1. I'm a student and want to see the number: the projected area of the Cα convex hull of the chain, averaged over all directions, in nm².
2. Measure nothing fancy, just the Cα-based angle from helix 668-679's long axis to the longest principal axis of the chain, in degrees from 0 to 90, nearest 10.
3. Between S814 and K681, what length in nm is gained on full extension when 0.36 nm per residue of separation is reduced by their alpha carbon distance?
4. Say the dipole of the chain comes from +1 at the beta carbon of Lys and Arg and -1 at that of Asp and Glu; which of M881, S712, S452 then lies farthest toward its positive end?
5. Let's test this: bin the Cα-Cα distances of region 91-249 at 10 Å from zero up to the farthest pair and state each bin's percent.
6. Residues with amide H under 5 Å of E711's amide H, sequence separation 5 or more or different chain, H placed in the peptide plane at 1.01 Å from N; which?
7. Cα convex hull of region 345-476: how many Å³ per residue?
8. Can you tell me what share of the DSSP beta bridges in region 365-501 is antiparallel? A percent to the nearest 5 is fine.
Amino acid sequence: MCKSNKNVLYLILLIAKGGSHGDYFCHEPSCHYERKSGHSNFKSTMFNTMLYYFGDIADNLCDKVTVYLYYCGYNILIKQRGWESMSKILIIGGVAGGASAAARLRRLDEQAEIIMFERGEYISYANCGLPYYIGGVIQDKAALTLQTPKSFLSRFNVDVRVWSEVTAIDRQNKKVTVENKRTGEKYEESYDKLILSPGAEPAKPPVAGLDNDKVFTLRNIPDTYRIREHIENRKPKSAIVVGGGYIGIEMAESLHCAGLNVTVVELTDHVIAPLDYDMACDVHHHIAQKGVKLILNDGVKSIADNGGNLKVQLGKETIMADMVIMAVGVRPETKLAREAGLALNAKGSIIVDDKMQTSDPDIFAVGDAVEITDFVSGNKGFVPLAGPANKQGRIAADQICGIDSRYSGTQGTAVLKCFDMTVACTGLNEKAAKAAGIDYEKSFTYSASHASYYPGAVNMSVKVLFEKTTGKLIGAQLTGFEGVDKRCDVFATALRAGMTMDDLTKLELCYAPPFSSAKDPVNMAGFTAQNILTGKVKVFHWHDIEKLPRDGSVTLLDVRTQIEYENGHIDGFINIPVDQLRGQLDEMDKSKPVFVTCQVGLRGYIACRILSQNGFDCLNLSGGYRLYKSIFEESRPLPSPIGINSETQLPVKSEHILINACGLQCPGPVMKLSEAMKEAKDGDTIEISTTDPAFASDVEAWCRRTGNSFESLTSDKGIAKAIVKKGEAQAKCNLASDMDNKNIIVFSGDLDKAIASFIIANAAASMGRKVSMFFTFWGLNILRRPEKVKVKKDFISRMFGMMMPRGSKKLSISKMNMGGMGAKMIRMVMKNKNINSLEELIKSAMDSGVELVACSMSMDVMGITKEELIDGVHIGGAAAMLANAEESDMSLFI
Ligand code: FAD
């Protein structure tokens with residue numbers, strides 16, 4: 001603002017071509033030319049000369065000079081020179097948007113008169129931290145208030161008036177009416193410019209009983225103290241949180257932390273509306289596991305005092321609680337703006353342009369009270385978040401001070417702590433993409449937070465939405481633990497930059513084992529989506545599964561290991577582990593489309609590549625069985641309630657055995673558990689910690705099958721801890737029949753096939769099955785001792801012996817052996833991924849009682865003697881093998 005509108009010169013400098021990078025501030029002390037953005041490709045000396053030249057002429061002519069400098073199309077500098085502010089700026093609302101605007105105004109204009117009105121007692125407080133004070137995570141009350149009127153005055157010279165509600169705006173005379181909330185006194189204050197940042201208030205649905213003193217909403221510090229005092233003084237034991245949005249879930253966690261039994265009631269089919277249903281299911285399970293009850297698809301009809309507690313009538317049931325938190329969303333607080341005649345949209349938000357200017361050019365509005373433009377779709381909307389409010393406050397201040405900052409839209413980037421879980425999203429979800437008419441595809445990935453071999457790696461679910469035609473990222477949703485927020489921020493940045501899936505594959509992100517993997521989860525999401533976009537793989541989704549024909553016209557194929565399949569699979573899917581697929585292609589009908597699933601989508605992709613390159617029409621289930629299970633499995637609390645020390649529940653005389661299986665991959669943890677179970681006596685409990693997500697979901701099934709009792713499963717930051725009691729469940733378990741032995745005939749001497757054989761054998765043994773492995777022909781080489789053994793042989797046998805690999809370490813792989821390089825690489829990969837080596841698998845199989853039988857007839861043919869075989873191998877014939885087969889419910893020929 002200048003003294004008058006006379007003698008104002010707007011100087012526009014156009015520079016088409018620049019020189020080197022450099023600073024370009026004018027160095028004259030009285031000159032306040034400053035840089036606006038980072039395009040500085042021109043010579044500062046040339047720039048300074050120009051500023052002096054034009055500035056001097058302008059100063060002689062005008063009171064005020066504003067210089068707009070354009071360089072290669074960018075408005076890189078705006079400057080007011082000879083500026084003497086006489087402006088009076090009033091701000092309504094003293095928290096996120098209001099305080100941000102006030103501070104920026106002062107930084108830009110030392111002379112302006114700035115008054116900030118706040119109806120309540122506190123300004124610039126941390127609304128986002130309020131739930132954590134209620135739960136006791138934040139202990140210090142003072143930590144919630146970031147600034148006080150006094151500190152704001154001394155730092156920013158802003159006249160902050162708390163307890164001051166602006167009750168009317170007289171736009172004609174540019175005045176507001178202010179009411180002192182403590183004295184009731186009213187007065188008027190004039191303005192040159194006015195900024196509205198009144199925020200949003202908790203929505204109150206038309207429900208009888210909301211005025212009860214045990215029913216609360218949470219918006220500000222007084223609300224927070226009221227809830228905390230109620231908990232401390234009245235000691236409620238149970239609470240209902242109505243609404244499963246961000247605030248509702250944070251409150252549920254906080255009340256749970258404060259020791260209350262909590263129920264969340266949510267009207268729609270899932271919590272956290274910006275997530276899609278499929279991604280919210282992980283959150284539902286996590287909430288339920290923590291012991292919070294979740295009622296979906298139901299709403300509160302009325303609340304009645306029941307003499308001490310509250311009777312809450314839902315649509316389908318009645319529930320009781322000692323207190324209720326209403327968290328059903330917020331609506332813009334715009335009564336003042338409406339009464340002042342400012343343009344509002346149908347939902348009551350103040351309409352602003354990208355300068356945050358309302359329908360009155362002297363009034364700006366920011367924060368939760370305004371209508372936003374969605375960054376991706378361009379649609380108008382309402383996104384009440386602190387980030388946009390703060391940025392808009394700054395833009396309004398810039399505009400008032402002559403800086404042409406613009407708000408480029410909201411993309412809804414948000415993050416939530418839900419107990420141990422982190423939930424984050426940015427951009428559009430499916431509902432919004434459909435509403436915007438965008439032709440999109442989606443992809444699910446499940447990636448480790450950091451290198452899986454480095455301790456503590458946990459998986460995160462990532463869903464990306466992208467335009468089918470361009471591959472452009474339009475939205476991302478993530479749930480998981482460590483590193484979720486970081487990845488969401490990368491997606492948010494990529495989305496702002498208009499990046500495609502192809503661009504995501506190229507991002508070079510931080511990597512060292514404790515932090516990430518060489519292919520970061522963001523890269524992985526890009527690779528997976530790129531495979532879809534380039535036709536490397538076709539996908540189908542969880543919602544297509546029900547419609548798949550089960551009449552034999554298509555092949556439904558699960559390519560996980562047998563143990564994974566047995567622990568749970570999608571109805572109608574048959575099992576051929578991916579490693580055996582090539583050998584069984586002949587048994588499959590090429591004329592039928594193949595729908596493939598695996599655990600998370602990766603092995604399914606590999607299977608699809610094998611199948612499609614062999615002439616099959618193949619589709620992979622995006623997200624795999626894990627996602628399917630998360631969506632269709634019922635949420636239930638973990639058997640041992642959180643907060644109760646599991647150890648205190650243990651029988652006094654029994655032993656409690658601790659096993660750390662963190663870092664091991666499937667079936668490693670199950671094998672460890674199985675080994676420990678053999679040592680344990682009936683009634684002993686085993687507590688096993690693992691980071692293998694498959695184990696967390698499979699341990700219950702394992703117990704059911706082996707007749708042990710599944711006691712509890714807890715999870716903390718992605719590390720699952722299961723407690724299993726030996727033997728107790730024998731009676732109620734549905735134990736397999738006596739004919740459940742496994743018979744494996746190992747004909748091949750290839751390293752990869754040998755590994756697969758022993759993985760299956762170990763897995764079956766860990767489930768308590770009797771396993772017999774019959775080694776014949778080339779398979780015998782797996783059992784040979786590595787060292788040369790002196791035995792008498794004829795010439796042919798000696799030649800055979802020399803040509804064949806001596807022992808497991810000398811085996812080659814069936815494909816891409818590359819003179820032994822392939823075998824070395826596979827061993828290295830297994831080591832990095834914490835998968836046992838073939839030698840370890842053989843030892844553990846033998847330790848688990850797997851019977852290794854060398855075929856006597858083949859030994860004879862190949863000229864191998866008993867002395868040349870490792871210890872513990874029996875010699876047997878085909879008859880023994882067949883007898884075993886008859887007692888088995890599975891015979892494999894590898
Ligand atoms: P507010 O910060 O609400 O400030 C508005 C102020 O204006 C109020 O103090 C009000 O008293 C005052 N006022 C209104 N009318 C008048 C009047 N006529 N005269 C004088 N004063 C008036 N966002 C996130 O991004 N992340 C989070 O984790 C997060 N957590 C949240 C947790 C809670 C419990 C709540 C309530 C909100 C949370 N939010 C979060 C939302 C975030 O706080 C808001 O988006 C942000 O504060 C909006 O800023 P604002 O300036 O528009 O409104």
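The values are calculated or read from the model by the stated rules, or taken from the named source; none is laboratory data. No experiment lies behind these values; they were computed from the predicted model shown. Cβ: placed from backbone, ideal geometry, glycine included. Neighbour counts: every protein chain shown. Side chains included, ligands, DNA and RNA excluded: accessible areas come from the protein's heavy atoms. Shrake-Rupley method; radii C 1.70, N 1.55, O 1.52, S 1.80 Å.
1. Details: hull surface 190.4 nm².
Approximately 47.6 nm², given one-decimal rounding.
2. Long axis of 668-679 versus the principal axis of the chain: about 60 degrees.
3. That works out to 43.6 nm of additional length.
4. Going by the Cα projections, it comes out as S452.
5. Reading the bins upward from 0: 9, 33, 32, 19, 7, 0.
6. I723, V724, K725
7. 154
8. Working: 29 of 30 bridges.
So the antiparallel bridges amount to about 95 percent of the total.
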